[in-house]
Structures are given as C-alpha cells and as structure tokens.
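Everything on this sheet refers to the single structure shown next.
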Amino acid sequence: MRNVVVTGGSRGLGLAMARTLAASGYAVTAIARSESAELKAAAEEARAAGRGEIRFRAFDLGDIDGIATFVRHLRKELGPIHGLVNNAGIGTEGLLATMPNGDIEKLVRINTTSPIVLTKYVVRQMLADGGGRIVNVSSIIATTGYSALSVYAATKASLVGFTKSLAREVGQLGITVNAVAPGFVETEMTGSLGEAEKQRVAKRSALRRLAKPGDVADAVEFLLSDKARNITGTVLTVDAGNTA
C-alpha cells in the first residue's frame, strides 16, 4: 500500500480525507495533536473493510523546530511516503485592526510556515525515493476575500503561490504539487455561520448547495492518484459553483 500523510486528520476535512483514501487502498497516517473518537472509529472501519488502513501519529505542527526529526522518524517507520496532504489549519476570525499580534503570528505559523517546513522535509524523502504527490489545502477565500478573515485569507493565498512555485522546482524529479480550494463546507470551521448565512451562501452557488467534506476528499484522492500524473501546479476548486 502507498503511504499518505494527512495533517489535521482527526476531524473535519482531514478525517473525510483519511476515510476516502483508506477506502481507495492507501495506508493513511493522520497527524494531529490528539486522536479523536471519530478517527478511532474510522481506523476500525478501515480495518474491517480490509482495503486500506488509518493510523494516528501525534504531533503539534506548531513545533516548527521539531518537524525535521518528526519526518525522519516517520519515514523510518513507514518507508517511502507517496503523498503529503497539508490540510491542518486554524480559522481564527478577527478584524485586522483589533486582532492581537499573537493571533496573527499563530495563524501564519500554523497555516503557512508549518506546511512549508513540513513539505521541505517530506520532499527530501520523496526525492530520494524517486517521486511523490503534494496536495495543499487552500480556500476560495484566498481569492474572494471575506470580512474578518483577512489574515486567514493571506495564509491560504500564500499556499497557492507556494504550490505553483514548488511544482516547477520538483516536477522534473517526479513530484507533483497541487492545491484544492474548498468553498464553505459543513465542518467545525464553518460552525460559526448561522443557518441563515449558510443558506445565503448556498443560494449564491451555481448548484444551490454547499460542498461536503467528502467532495473535497474525492478531489484530494484524484490528485494523489496516477490519473493525475500530468497535473501539477494547479488549484482545484470545490465549492458547488460559489465562485463560478
């Protein structure tokens, strides 16, 4: 089985990705600070299905200095890493004029610095192994903007530039680098939206509905597969036509 690492894999989009990838026959390592009951249940489901598998490894992705050692141990334990999905992120809201500097710094550290540094060390292993897949999780807010999410939008926009440039750096070495940009999806990170606001978002979408976590997971699974071997440096939007 091909090994795929999914950060933020204990809930929300990451959990949906872990389930989808395991069902497609991947050996998924879900990274998070702690293991959720839902992730444990997903791992049991994967074992019962007998196709792929889900394992959990605890790590605080805010520990930038510890990433190199973590990846080294992960590679020694797993063997070659076929795919890395940089999904972990925080969505702290706040008007820029009043947002504490500490919150700004944390958003940039978790949403931008951490995935870049993690990718740096995973790419080194992929280069040695002859190829791999990187998928970064951005957001439509990176291009549309949204009130009280300016810093979050900046971090997600940075992943798009990172994706396109890194794709050129490592493409000739057999590594593809792509991004997915979800719209408003039914997860904990959109839990602050009231039902009326969700309905307004849905009505603005071409398909008149919100995308689901499984839709984003399917897009990630495609980009990790051999079917996407000639796709790199692109951003796949999954938003039910919100930005159409």
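Computed over protein heavy atoms with a 1.4 Å probe, the accessible surface of the chain works out to 47 Å² per residue. Per-atom-type breakdown for the chain gives carbon and sulfur 50% of the accessible area (1.4 Å probe, protein chains only). Using θ = phi - 60° in the Karplus curve 6.51 cos²θ - 1.76 cosθ + 1.60, the 3J(HN,Hα) couplings for the stretch 90-98 round to 10, x, 3, 8, x, 5, 4, 4, 10 Hz; x is entered for Gly and Pro.
Here the simple spin-label model places points 7 Å from the Cα toward Cβ, and for S165 and E186 these points are separated by 3.9 nm. The mean sequence separation of alpha-carbon pairs under 8 Å and at least six residues apart, normalised by the residue count of the stretch 36-121, gives a relative contact order of 33 percent. Annotation: amide H of V177 within the under-5 Å range of I134, G233, sequence separation 5 or more or interchain, hydrogens built in the peptide plane. Label positions at E197 and I90, each projected 7 Å from the Cα along the C-beta direction, are separated by 1.9 nm. In order along the stretch 132-139, phi translates into HN-Hα couplings of x, 10, 10, 10, 9, 9, 9, 6 Hz, rounded to whole numbers, per the Karplus curve 6.51 cos²θ - 1.76 cosθ + 1.60 with θ = phi - 60° and x for Gly and Pro. Look at the dipole of the chain built from charges on Cβ: of G9, F162, T92, the Cα furthest out on the positive end belongs to F162. Computed over the stretch 125-244, relative contact order equals 33 percent, with contacts defined as Cα pairs under 8 Å that lie 6+ residues apart. For R55, the amide hydrogen comes within under 5 Å of the amide hydrogens of V28, T29, A30, counting only partners 5 or more places away or on other chains and with H modelled in the peptide plane. Just to confirm my numbers, what's the Cα centroid distance between the stretch 206-244 and the stretch 49-78 in Å? Centre-to-centre distance over Cα atoms comes out at 25 Å. Using C-alpha pairs below 8 Å separated by at least 6 residues, the relative contact order for the chain is 19 percent.
Partners of K164 within straight-line reach, counting lysines whose Cα lies under 21 Å from its Cα and excluding those fewer than 8 residues away in the same chain: K120, K156, K227. Straight-line reach from K203: taking Cα to Cα under 22 Å and skipping same-chain neighbours fewer than 8 places apart, the lysines in range are K212. Couplings for the stretch 21-38, taken from phi via the Karplus curve 6.51 cos²θ - 1.76 cosθ + 1.60 with θ = phi - 60°, read 5, 5, 5, 8, x, 8, 8, 9, 10, 8, 9, 6, 6, 8, 8, 8, 4, 5 Hz in order; Gly and Pro are left as x. Placing R0 at 51 angstrom, the Cβ-Cβ distance between N101 and M1 gives a FRET efficiency of 0.70 after rounding to 0.05.
Between helix 150-170 and the chain there is an angle of about 30 degrees, using the helix long axis and the longest principal axis of the Cα atoms. Counting every pair of alpha carbons in the stretch 136-230, the share spaced more than 15 Å apart comes to 68 percent. Stretching R72 away from T143 to a fully extended chain increases their span by 22.1 nm, per 0.36 nm per residue minus the current alpha-carbon distance. Once the chain from L127 to D63 is taken as fully extended at 0.36 nm per residue, the excess over their C-alpha distance is 20.6 nm. Comparing the stretch 51-113 with the 2.2 N^0.38 Å rule of thumb, its C-alpha radius of gyration ratio is 1.46 (two decimals).
Need one word for the chain: rounded, prolate or oblate. Basis is the Cα gyration tensor (sqrt eigenvalues a ≥ b ≥ c); a/c below 1.5 gives rounded, then a/b vs b/c decides. Note, shape of the chain comes out rounded. If you wrap the stretch 89-171 in the convex hull of its Cα atoms and look at it from every side, the mean projected area works out to 5.5 nm². Residues whose amide H comes within less than 5 Å of that of N242, counting only those at least five positions distant or on another chain, are A206 (H built at 1.01 Å from N in the peptide plane).
Give me Rg/Rg_expected for the stretch 1-91, where Rg uses Cα atoms only and Rg_expected = 2.2 N^0.38 Å with N residues.
My calculation over the Cα atoms of the stretch 1-91 gives 1.00.
The values are calculated or read from the model by the stated rules, or taken from the named source; none is laboratory data. Given the structure is predicted, the values throughout are model-derived calculations rather than measurements. With ideal geometry, Cβ positions are generated from the backbone for all residues, glycine too; neighbour counts draw on all protein chains shown. Quick note on the areas: whole protein, heavy atoms, side chains included, nothing else; ligands and nucleic acids left out. Shrake-Rupley method; radii C 1.70, N 1.55, O 1.52, S 1.80 Å.
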